[in-house]
Amino acid sequence: MAIEITSQSLAGAQPEETTAYKESLPRALSGFPATDKSVSRSRFWHPNSRWTRRNFSSRATELSGGTAIIVSIPKSGRTWLRAFICAYFCKRFGFEFTLRPERYCQSGIPRLIFSHDLFEHRTKGDLWDRLRGKYLVPRRELSRATIILLARDPRDCFVSLYLQITRRDPHAPSELRQKTVSEMLRDERFGVLAIVNTMNAWIDEFSRRDNFTLIRYEALRASPAEHFRDLLAMLGESAPDMAMFDEALEFSRFENMQKLEAAGAFDSKILHPGDVRDPESFKVRRGKVGGYREYLCVEDQQYAANALAELDPRFGYSF
């Protein structure tokens, strides 16, 4: 099975307990490359043992009741993943494509919760939003549903997020939109270290759970058919219709998604460019692995590499 990184296979490099979660210890390592590298926590990492996962806002309902919860840093490729899943199930049951297929109330179409969770908790909203846990997936939901952590190289995530803030999002604060890429790279909330720390917090929290799977964006890009088949199996579609599968795979191809986004063919503001004349303002932008090198100078690349050195080795990224 291509998606092999589960809570059981992450056990080989368990860090010391740094969060409030005291889950049972994972079983023995299987299927994950061994590493001698210890899990470091730099001076930038500030775990809070009193932090708890509670959502007292009305938004908790939107983040509940899913078959699976897909958590990611922004710009980790979830729109691509979501488009494929939605395209497949819409074709499977004969419905028009939508990014919200659950609206059809069709038995067999899984309800998926997509969330940036802790990253939005730390970067979005005001103090009252954070006190209510507005952007957090409720703890009870993490115990009930399948958890999928979609990971991407934090350097690529950062560059795409920077371009979204500065080129795509008209509602972003002006002080952020005016920052250079070097300044944003070092930003306390949106910089590469903030991304690394959030990813570390997630894997610390989720890796002890039997219902957890880690998927790397880079693996999806390298072998989409193989990994998307495994993803469908996780959602209960163990024997997909291959003709429909191939159609959904073609539909969700980057080039096709860009054309559809430019034409305004989607039923959601999620997939609309900031400026159709500016390719960098598209939601489906490039999806290139290692593309950060084209945007960061040598000094910034070194800073980003130093940040990546703080990433939990269980993610499998080198620096």
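The values are calculated or read from the model by the stated rules, or taken from the named source; none is laboratory data. Bear in mind the structure is a predicted one, so any value in this text is a computation, not a measurement. Cβ coordinates were reconstructed from backbone atoms using ideal geometry, including for glycine residues, and neighbour counts include every protein chain displayed. Protein only, heavy atoms only, side chains kept; ligands, DNA and RNA dropped before computing areas. Shrake-Rupley method; radii C 1.70, N 1.55, O 1.52, S 1.80 Å.
Go through segment 101-116 and count every residue that is among the basic types (K, R) and touching a helix residue (DSSP H, G or I) at 6+ places or on another chain (Cβ under 8 Å). Quick ask: steps written out before the conclusion?
From segment 101-116, those among the basic types (K, R) are 103, 111; that's our starting set.
Remaining after also requiring touching a helix residue (DSSP H, G or I) at 6+ places or on another chain (Cβ under 8 Å): 111.
Looking only at that region, the number is 1.
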> Which ones in segment 172-191 are small (G, A, S), over 18 Å from C297 (Cβ atoms) and surrounded by 11 or more Cβ atoms within 10 Å (Cβ to Cβ)?
Replying inline: A172
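Filter segment 67-117 down to the residues that are of a type in the set (D, E, K, R), assigned to a helix (DSSP H, G or I), farther than 30 Å from G291 by Cα and modelled with pLDDT of 90 or more and list them by number.
Pass one, segment 67-117, residues of a type in the set (D, E, K, R): 75, 78, 82, 91-92, 96, 100, 102-103, 111, 117.
Next cut, assigned to a helix (DSSP H, G or I) only: 78, 82, 91-92, 102-103, 117.
Applying the additional criterion that residues be farther than 30 Å from G291 by Cα yields 91-92, 102-103.
Listed by number, the residues that qualify are K91, R92.
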> Just wondering, is there one or more residues in segment 209-217 that are of a type outside the set (D, E), assigned to a helix (DSSP H, G or I) and open to solvent by 30 Å² or more (accessible area, probe 1.4 Å)?
Replying inline: no
> Under the condition of being over 15 Å from E218 (Cβ atoms) and of a type in the set (G, A, S), which residue from segment 139-171 is most open to solvent (accessible area, probe 1.4 Å)?
Replying inline: S143
> For G290, which of the numbered conditions (1) within 20 Å of the chain's Cα centre (by Cα); (2) surrounded by fewer than 16 Cβ atoms within 10 Å (Cβ to Cβ); (3) at pLDDT 90 or above; (4) under 25 Å from P154 (Cβ atoms) fails to hold?
Replying inline: (3)
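Starting from residues that are part of a helix (DSSP H, G or I) and in contact with a Leu (Cβ under 7 Å, 6 or more places away or on another chain), keep the ones in segment 186-202 and report whichever is nearest to L142 (Cα to Cα).
Restricting to residues being part of a helix (DSSP H, G or I) and in contact with a Leu (Cβ under 7 Å, 6 or more places away or on another chain), the top hit is W202.
Does S174 satisfy the condition of being out of contact with any strand residue (DSSP E or B) (no Cβ under 7 Å at 6 or more places or on another chain) and modelled with pLDDT under 95?
On the way: out of contact with any strand residue (DSSP E or B) (no Cβ under 7 Å at 6 or more places or on another chain): yes; modelled with pLDDT under 95: yes.
It is true that S174 is out of contact with any strand residue (DSSP E or B) (no Cβ under 7 Å at 6 or more places or on another chain) and modelled with pLDDT under 95.
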> Given the conditions (1) within 12 Å of the chain's Cα centre (by Cα); (2) assigned to a helix (DSSP H, G or I); (3) under 29 Å from N306 (Cβ atoms); (4) not hydrophobic (A, V, I, L, M, F, W, C), which single one is not true for Q164?
Replying inline: (1)
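Kindly indicate whether any position in segment 118-127 is open to solvent by 50 Å² or more (accessible area, probe 1.4 Å), part of a helix (DSSP H, G or I) and more than 20 Å from M234 (Cα to Cα).
Checked segment 118-127: at least one residue is open to solvent by 50 Å² or more (accessible area, probe 1.4 Å), part of a helix (DSSP H, G or I) and more than 20 Å from M234 (Cα to Cα).
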